[in-house]
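> I'd like to ask some things about the structure below.
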Amino acid sequence: METRFKMKLHSRLKSRGKMAFLKSLPPHAETLDVGCGNASPMKAKMLRPDIKYVGLDIGDYNQSRPEQFADRYQVVEPARFAETIEEFEGRMDAVISSHNLEHCDEPERVLSAMLKALKPGGRLYISFPCEESVNFPRRAGTLNFNDDKTHHKVPVWSQVCTRIQSAKFRIEFSSKRYRPSLLTCLGLLLEPVCALSRRATMATWALYGFESVIWASRPQSERIK
């Protein structure tokens, strides 16, 4: 009950975040979560038990019995990550990529595979650290892009948008530095404490605009190149 409440609260505080995207999906949507660490299978199914949830990652990152929640949970080697996404071509109603692209060995191929995985009318949620984050303060919990040693290369906003648009997707929402208002205000109030303790929270991310966020949808009839 507490976890479900938290998920609903997150969807309200971040009206264009991952939980809000999940809430917006139609009943029983087949959903591929690319890079599904941090208990994402549990959170997704607690919020939307009706969806058919497929989780894909290169390891069990902060997971607790993911197979109990996911309809399918798959861990593959990094070298096979993009290849595995390509196997879902044209099969999914929704694809989620929350802070995954910056961890990939082949980010361009992964992005293309995620776009192709969607059925006509399918929808994409993607978030990643903004380019400006390479100059943010260093914090535990990650505020500067280089705080996370598993990050490879910061995604270039213009290139990601161009690739999505060149596939004829309609961008429903985009924010290069996403700052939801309530969380931004909370981040401003907490910043003296966070700065002193050198820690980042979800509210800190909002204050600095750490996340780039895009919602997009595949046309009903266009062929993805």
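Computed from the coordinates by the stated procedures, all read-outs in this text should not be read as laboratory data. Model, not experiment: these values are computed from the prediction. In this analysis, Cβ positions are derived from the backbone assuming ideal geometry, glycine residues included, and neighbour counts consider all displayed protein chains.
> Got at least one residue in region 164-181 being within 17 Å of the chain's Cα centre (by Cα), in a helix (DSSP H, G or I) and under 22 Å from Ser98 (Cα atoms)?
yes
> Taking region 191-218, which residues are buried (at least 16 other Cβ atoms within 10 Å of the Cβ), farther than 19 Å from Asp148 by Cα and either over 21 Å from the mean Cα position of the chain (by Cα) or polar (S, T, N, Q) (or both)?
Within region 191-218, just Ser217 meets the criteria.
> Can I ask one more? Looking at (1) among the polar types (S, T, N, Q); (2) assigned to a helix (DSSP H, G or I); (3) within 14 Å of Val34 (Cα to Cα), which is the only condition Ser158 fails?
So the condition that Ser158 fails would be (3).
> Name the pairs whose Cβ atoms lie under 9 Å apart, with the first residue in region 195-212 and β-branched (Val, Ile, Thr), the second crowded, with 18+ Cβ neighbours inside 10 Å and assigned to a helix (DSSP H, G or I), and 6 or more positions between them or separate chains?
Thr201/Leu186; Thr201/Gly187; Thr201/Cys194; Thr204/Gly187; Thr204/Cys194
> Counting only residues that are exposed (fewer than 14 other Cβ atoms within 10 Å of the Cβ) and in contact (Cβ under 8 Å) with a residue 40 or more places away in the chain, give me the strands (runs of 3 or more DSSP E) lying completely in region 59-131 with at least 1 of them.
Result: 118-129.
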